[in-house]
1. Looking at 526, 450, 476, which is the one that is farther than 27 Å from residue 601 by Cβ, in a loop (DSSP other than H, G, I, E, B) and at pLDDT below 95?
2. Confirm whether residue 458 is under 17 Å from residue 486 (Cβ atoms) and modelled with pLDDT of 90 or more.
3. Among the residues of the stretch 779-800, count how many are surrounded by fewer than 15 Cβ atoms within 10 Å (Cβ to Cβ) and either within 20 Å of residue 735 (Cβ to Cβ) or modelled with pLDDT of 85 or more (or both).
4. Would you confirm whether any residue within the stretch 263-270 is modelled with pLDDT under 60 and farther than 20 Å from residue 311 by Cα?
5. Keeping to the stretch 66-100, report how many residues are crowded, with 20+ Cβ neighbours inside 10 Å, more than 42 Å from the chain's Cα centre (by Cα) and modelled with pLDDT under 70.
6. From the list 490, 485, which one is under 21 Å from the mean Cα position of the chain (by Cα) and at pLDDT 95 or above?
7. Mind checking which pairs have a first residue in the stretch 503-519 that is on the phi > 0 side of the Ramachandran plot and a second that is at pLDDT 90 or above, Cβ under 6 Å, 6 or more apart or different chains?
């Protein structure tokens, strides 16, 4: 039986060997297998080395051609492709001897590996730290056809001489380096096969189709020979220091599909006149650096409009009506992309724009001065996906034709206009819209039921309008992750559906309304939530489960009562803002478990007790704070996730919709639907409220416990808040001295300890706080000399008011004339005024004097007899005075009564009767 089993295994092995011979398959070469293992030892993975390249094992039967990131030739068995980029290596320089055994390798990918100090057809060393010395090795690889070296550490003169032997080179990318000055033209004609160059151009390369000079320090004028390049399709000169006039014959580039001249110092005027065969026109941020170049369009230009892209943002366009200067034809054409944002255009949009541009996919005319009503012809743009009309002066109601006709809309932005009317009270046709921004307009009425049909809506901003009524419960049925309804007049309670178990909300802003009632006990969301409910009329007790999924909680200026709950902690909570409520009791020690706090605001409540010393731990672990909680956005095309090059195919970058390039991603496709909003927080620092937005929140740390009833001493441990920029403990009843440990607050910019009962001296160690811009210790019981030096020399008398025993600058009170002596260094200061002892001594002295007086009355003495005689005489005189006054008062009332009787009842005078 065992013999049959062995015979079966042997036959299977023979069949496998025969199949390999039939298909010409060979396993890897032993020398290369050993070399691969040596290369693995040279690397250090992101975590542990044994978890990197796990299939690369030192087992004799292991075929290295089957290992990950390795590809072999099926016939020779030799390695022809090796992709080990995005790894970490033990040395900053690559040991080339490790690569010598790979004799037939064609593709070697070492991108983003951190080398500072090489193969055949394609060499991709993108994102390392190589300097110019790398060219000494590359020049020997004469068979190279593609060389990619962007984002390295190269500079100085362009390496024309070093590359002159690479006669087979077709694609060269040296962008995002620091090359400057001019190019030695004499050595570059040798690159006769070059089709795409990503640094300075050369007049002899007549076959050049793409030229990318961007992001360098090139100076001088626009290359005059470029207009003669009849085959040039892509031209990018952006982000350099070119400072001369653009040549007028640039219009001769008939094959041009894309041009970017942004961020330079061009002078004079540029007439954007292109042949009808051009497909795109772009001058993004053309005059950003100097305002010395003005872009114009000749009135005689009447193109057939074969352009598919017009992208002229930030080009200083000043024509009263840019569309008129273009002289749009009466018939429609195939323009797909129109970006005229951030210019100085004004006037009315042509009423016929929708009929002339019916095939637009993208239209952005934001941040101009357009006015009037929106043309109803916009509804004829059936294919429009992105429409941004924000930051203009449009008024009137939304055209019904737009709501019904633009059914392809994905993004609609009308922010910062004067559009009025009600919001979608009737049904809408663009049910596929994902982003809808209608904020900062004049919309009125209730939230329209038509929004319920927007079943794909992810971001809705209708804040800063005049909306009334309640928040409809059905709004929680929409797949929203960002909802902003702030600064309206909405009433009622918060719908529980907004935070229900099916909610995917990440940003909920209901602030500055008139909402009332309790708040939901917790937010059911799979992500960290920003919850902004400040400036409402919400009441009740704050639930202790509210922070479970909340990273930013703002409940300022409401009517919450009771104690601060013992929150069930969330390690991602970074902002807790409870100012301006009716909270009572002590600060719970459970707040100390929130170790990722950046801002803690408990001011203007009625909190009592002492400050927990463990509050020094609230920012001890900031690793759990993530940037996305500050900025929210959508990139529906997810183009930002594309790597620099397709790592699997090592092919071209021909992925554009409007033009194709070997070097440049089609930015019109990549950024097509990028939209977003930012979280805005106000925080009191440096004697004022400042607003912090978006990513800036990541740089702010602060604590505000002011305007409460806190007592006791300031914990020494608070000196460990090394990351904090602002600390406000003012308007409490804190006692004791200012801790010397505050000298450890190295990043402190604003420190307010005013209106307390602090005693003693200001620690001289505080003068070491070089970042301190605002200090306020006014209205305490401090004494002694004010420290001098550094930031203390910049504070004026307002920082020290209400402390009469302080001396020195800037109080103009001499410390030598005071009634106390400065304590010697190291000797404890015993001259502090103890108010409790002072009041006790005063009462004891008063009681002692009274006892002494009463005791003296028990002895017979002349002054005792004189005292009692004086008292008796005073009493006798007082009695006589009282009798006289009594008689006089009675006579006065008798006389007045007689006069009244005579006047009103005609009685005779009393004396006559008598």
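1. Every option except 526 fails the conditions.
2. No, not satisfied.
3. Here the count works out to 6.
4. Within the stretch 263-270, one or more residues are modelled with pLDDT under 60 and farther than 20 Å from residue 311 by Cα.
5. Adding up the residues that qualify gives 0.
6. Just a single option satisfies the conditions, and that option is 485.
7. So the pair list comes out as 512/486; 512/487; 512/535; 517/493.
Condition check ((1) at pLDDT 90 or above; (2) in a loop (DSSP other than H, G, I, E, B); (3) over 21 Å from residue 335 (Cβ atoms)) across all residues:
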{"residue": "384", "(1), (2), (3)": "yes, yes, no"}
{"residue": "401", "(1), (2), (3)": "yes, no, no"}
{"residue": "409", "(1), (2), (3)": "yes, yes, no"}
{"residue": "416", "(1), (2), (3)": "yes, yes, yes"}
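The values are calculated or read from the model by the stated rules, or taken from the named source; none is laboratory data. Since we're looking at a predicted model, the values are computed, not measured. Cβ coordinates were reconstructed from backbone atoms using ideal geometry, including for glycine residues, and neighbour counts include every protein chain displayed.
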